[in-house]
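Inspection log for the structure reproduced underneath, given as structure tokens.
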Amino acid sequence: MAREILTVAEMAASDRAAVLAGTPIPVLMERAGEAVAQAVRARYQRRPVVVWCGPGDNGGDGYVAARHLRRHGWPVVVEAAYPPATDACRWAASRWRGEVKPLSQRLAAEALYIDAMFGAGLSRPLEGEVAELARTAVRQALTIVAVDTPSGVHGDTGRSLDGVALAAELTITFHRRKPAHVLIEGRKACGDILVSDIGLSTVASAALFENDPSLWRERYPWPAIDAHKHSRGRLSVVSGDAWNTGAARLAARGGLRIGAGAVTLLSPPSALSVNASHLEAVMLASFESDADLAARAEKADAVIIGPAAGVGDATARNLRALTQTGAALVADADALTSFRDDPGELFACLDRDDVLTPHPGEFERIFPGLLGRSPERITAAREAASAAGAVILLKGADTVIAAPDGRAAVGLNGTPWLATAGSGDVLAGFIGGLLAQGMGSFEAACAGAWIHAECGALHGPGLIAEDLPGLAPAILARLHQER
């Protein structure tokens, strides 16, 4: 089952639904605090623990965690940033039999600190001694475990409020991740993230998901027993000129490795000999004009245009011609930048089967100012998908895939080894190859991005883009076994 990512408001709704169904808040708090204590005991050797407790339910979780750790023999001190201010927090504090001290700015490197001051719902910057504590803690190598999110990190954006926030080595959250746990700024502040089940129900209206196989596995296009190359999908890739051919070949090879049955590189005449000298299973065809290109791609199920295609009117004309073929389109790199002066012209000829795969710079060219205006990347990608009427894959360490209908997914398996030239061309090939096999555009973009990241992680240091297609079979074999 696909795992939802819940906003702060959606998580609050899950809590309320549990209460209405007969589970009191103190019961949920007891489960949450015990989960924190169990996570600490599982990960760390026994040592002095300082629990920083806030005034709300996050603080209540801290009091419960302190009680459970002490019950297992851990030396625990509670320091209260503020007196308990909610009924549930007062209940939890009343069951803590140890001393409650004021918040101290004297920090010990050998201690373990549990940050239960403010969770994901905090909407204002840290103030006073809490802000000073955060500034002091950032300068020291402390072991900090956060409850829900590190104090000062906004649950819906992952950004620090007014630039002041704690950073944790481990964060324990409950039921589902929030955007702060998947967007890169929040992930860096949270450290390792553990999601604990405390008995809440799913929010039916959720439309944001973790991008892992549970989201798209059932729609993956495994070949039937009587499959042949044409039934497995026909993919075409548009090549650049004689001096810019490698990117398209990387995309073509990626499409072939991901399972497309017949892949054709569509090449301008000047690049035919260069491409021919490098191709084996990928077929080659020539085109001389945009009309000729469309005719060559007429039988394709999917077409990739953009990798080193060249920025300018010729690429724009080629893309417009391809949109008339009925093939699903993957528009990447130069195909996007060619419309920077009139993005609306691009959007007018796209449909919901098409996928745009910009990195942040390309995104800015066709959606100027949107990333800066949006509270975070998820909102930006969703607005872009709505404006373009196509699926948007916004690349990054926290790759976001958004569909025009509002569905979105965030990748959790990104790896820095993919930060190498040509990596995005192979990603376009993976997506195009899945589209050619009939996978839905949103699911194809999600699957392609996940497989791409797994390939990068599998290789690790020293990865170059040419390695990626050859790594795909191992990932596909694993997926096939897990069906």
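Some points to look at:
- Point-charge dipole on Cβ atoms (K/R +1, D/E -1) for the chain, about Cα centre, debye to 20: 1540
- Degrees between helix 128-138 axis and first principal axis of the chain (Cα, 0 to 90, nearest 10): 60
- ALA291/ALA224 FRET efficiency (R0 25 Å; Cβ-Cβ; nearest 0.05): 0.10
- ³J(HN,Hα), Karplus 6.51/-1.76/1.60, whole Hz, each residue of the range 8-19, x for Gly, Pro: 4, 5, 5, 5, 4, 5, 4, 4, 5, 4, 5, 5
- Taken one residue at a time, the phi angles of the range 271-285 give Karplus couplings (6.51, -1.76, 1.60, θ = phi - 60°) of 9, 4, 5, 5, 5, 4, 6, 10, 9, 10, 6, 6, 7, 9, 9 Hz. Gly and Pro are set to x.
- Overall form of the range 213-481 per C-alpha gyration tensor (a/c, 1.5; a/b vs b/c): rounded
- For the pair ALA111 and GLN140, the difference between a 0.36 nm per residue extended length and the Cα-Cα distance amounts to 9.2 nm.
- Amide H contacts of LEU284 (H built 1.01 Å from N, under 5 Å, at least 5 apart or other chain): LEU265
- Total lysine pairs in the chain at Cα distances under 25 Å, for residues eight or more apart or on different chains: 4.
- Charged-residue dipole, Cβ positions (Lys, Arg, Asp, Glu), the range 213-481 about Cα centre, Debye nearest 20: 580
- Shown in residue order for the range 167-179 are the 3J(HN,Hα) couplings computed by the Karplus curve 6.51 cos²θ - 1.76 cosθ + 1.60 at θ = phi - 60°: 10, 10, 7, 9, 10, 9, 10, 10, 6, 8, 5, 10, x Hz (x for Gly and Pro).
- Long-range HN-HN contacts of ILE193 with modeled amide H, under 5 Å: THR171
- Restricting the GluC sites (Glu not before Pro) of the range 395-483 to loop positions (DSSP other than H, G, I, E, B) with no more than 16 neighbouring Cβ atoms within 10 Å leaves GLU482.
- Of ALA388, THR7, ASN275, farthest towards positive along the dipole that unit charges on Lys, Arg, Asp, Glu beta carbons give the chain: THR7
- Sorting 220-230, 365-375 by average packing, meaning the other beta carbons within 10 Å per residue, from highest down gives 365-375, 220-230.
- Crossing angle, helix 246-257 versus the chain [Cα axis fit, 0-90 degrees, rounded to tens]: 80
- Percent of Cα pairs in the range 294-437 per distance bin of 5 Å, from zero to the largest separation: 2, 10, 20, 25, 22, 13, 6, 1, 0.
- Helix axis angle, 468-481 relative to the chain longest principal axis, alpha carbon, degrees: 60
- Overall, the range 129-239 carries a charge dipole of about 620 debye about its Cα centre when +1 sits on the Cβ of Lys and Arg and -1 on the Cβ of Asp and Glu, all other atoms neutral.
- Chain lengthening between TRP243 and ALA387 when straightened (0.36 nm per residue, less Cα-Cα): 48.4 nm
- Taking the charge dipole of the chain about its Cα centre, with +1 at Lys and Arg Cβ atoms and -1 at Asp and Glu Cβ atoms, the residue from VAL410, ALA39, LEU284 reaching farthest to the positive side is ALA39.
- Applying both filters, DSSP loop and at most 14 other Cβ atoms within 10 Å, to the trypsin sites (Lys or Arg not before Pro) of the range 26-56 gives ARG46.
- Dividing the radius of gyration of the alpha carbons in the chain by their Kirkwood radius gives 1.06 for Rg/Rh.
- Cα gyration tensor, the range 271-350 - rounded (a/c under 1.5), prolate or oblate: prolate
- In percent, rounded to a whole number, the relative contact order of the range 213-481 is 21, using alpha-carbon pairs under 8 Å and six or more apart.
- Quotient of C-alpha Rg and 2.2 N^0.38 Å, computed over the range 28-109: 1.00
- Protection proxy ranking, highest mean first, for peptides 334-342, 258-266: 258-266, 334-342, where packing is the per-residue count of other beta-carbon atoms within 10 Å, averaged.
- Computed [θ] at 222 nm, deg cm²/dmol, the chain (DSSP H ≥ 4; -39,500 (n - 2.57); rounded to nearest 500): -11500 deg cm²/dmol
- Kirkwood Rh in Å, taken over the range 8-206 so that all alpha-carbon pairs contribute: 16.4
- Selected from TYR113, HIS230, VAL100, residue furthest toward positive end of dipole (the chain; charges at beta carbon): VAL100
- Contact order for the chain, expressed relative to its length and based on alpha carbon pairs under 8 Å spaced 6+ residues apart, stands at 12 percent.
Read-outs throughout are calculated quantities, based only on the coordinates presented, and are distinct from any laboratory measurement. Note that the structure is predicted; figures quoted are calculated from it, not measured. We place every Cβ from the backbone using ideal geometry, glycine too, and count neighbours over all the protein chains shown.
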